[in-house]
Amino acid sequence: MTEASQTSAWPRPYWQPSSEEVLLQFYVFGKFEQELVIPAMRYESPGLPAGVDIQRFQNLALRQWEGYPLKGALGEILRDESPETFEQARTAPDVLVVRGKISDRNTLDYLRDTLGVLAALLDIGGSSILDPQILSLFSAEDWRRRYLVQGGAPPRNHLLVLRNAEETAGRSWIHTRGMRKFGRPDISLRNVPDREIDHAGALCEHLIDLQSLGTHFAAGQLLEVDGLSEDLVAQPGGSLDDPQFNNTYVAFHWPK
């Protein structure tokens with residue numbers, strides 16, 4: 001996404017119809033004029049897609065909400081990662097909540113349009129953006145650097161990729177958060193030998209790309225991976241209430 005006067009399509013060449021749903025959710029902290037005039041076309045966006053809305057809150061009032069994202073466990077994570085940006089967000093007078101669910105579709109234009117609105121909000125008073133799906137709070141500068149990329153930021157930029165130790169020594173679990181932005185399950189690679197972490201990381205990014213462009217993995221589907229002696233087997237699972245993902249997932253177990 002870049003500054004432009006004409007929109008360009010973000011296609012999904014592997015898309016097939018499904019009943020899945022996209023979730024978009026962002027908090028924009030800052031100080032805004034009473035009447036919002038959002039110059040989204042500057043960023044190839046005609047405005048928010050149908051089903052995604054902006055709600056405006058006074059930050060002081062929103063802090064009283066039980067789900068206020070700058071407190072609790074998420075607040076601690078955000079404060080530890082970027083104390084200066086956290087304090088700037090905490091003390092900002094206004095919060096704009098951009099949120100909505102939309103049906104799965106054959107282009108990513110909905111994402112392009114939403115990102116364009118977010119970029120424009122930074123131009124008219126926004127100072128930071130929180131993406132709770134990837135547990136990340138960005139300063140305006142950091143958000144622009146990550147998402148204002150010629151042709152659109154790669155799917156990997158929209159996700160969080162995590163690594164945790166498995167119970168078996170020398171093995172790791174690689175998994176994502178944030179695939180609900182694409183209406184797809186998150187990715188879980190289990191039992192990865194530590195010596196294969198780079199290989200698994202590259203595979204994870206490949207799976208992110210495939211799913212963001214519309215691919216579905218069916219239960220039992222085989223995945224051939226260069227350098228592995230056995231095919232990986234897709235095992236869908238989880239639910240939207242799963243605390244590890246806040247989403248469903250598709251798991252693949254590394255060969256022994």
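None of the figures in this text is laboratory data; all of them are computed from the coordinates on show. These numbers come from a predicted model, not from an experiment. Cβ atoms come from the backbone with ideal geometry, glycine included; neighbour counts cover every protein chain shown.
Things to note:
- Residues with amide H under 5 Å from that of Gly183, placed H, sequence gap 5 or more: Leu23
- Net charge, Arg156 excluded, C-beta distance under 11 Å - Lys, Arg +1, Asp, Glu -1: -1
- Extending 7 Å from the Cα toward the beta-carbon at both Ser239 and Ser103 defines two label points whose distance is 2.6 nm.
- Sequentially through segment 232-244, phi angles give Karplus couplings (6.51, -1.76, 1.60; θ = phi - 60°) of 7, 10, 6, 10, x, x, x, 7, 5, 8, 5, x, 6 Hz, Gly and Pro residues having no value and appearing as x.
- Scalar couplings 3J(HN,Hα) for segment 148-157, obtained by applying the Karplus form with A = 6.51, B = -1.76, C = 1.60 to θ = phi - 60°, are 8, 10, 3, x, x, 5, x, x, 4, 5 Hz; x denotes Gly and Pro.
- Magnitude of the charge dipole, the chain, Cβ model with Lys/Arg +1 and Asp/Glu -1, debye to 20: 340
- For segment 21-153, the fraction of alpha-carbon pairs lying more than 20 Å apart is 43 percent, rounded to a whole number.
- FRET efficiency, 1/(1 + (r/R0)^6) with R0 41 Å, evaluated for Gln34 and Asp226 via beta carbons: 0.10
- Estimated translational D of the chain in µm²/s (Stokes, Kirkwood radius over Cα pairs; 10 °C; 1.306 mPa s): 82
- Within segment 41-111, chymotrypsin sites (Phe, Trp or Tyr not before Pro) in DSSP loop having at most 15 other beta-carbon neighbours inside 10 Å: Trp65
- Dipole check for segment 141-256: with +1 at the C-beta of Lys and Arg, -1 at the C-beta of Asp and Glu, and the Cα centre as origin, the magnitude is about 440 Debye.
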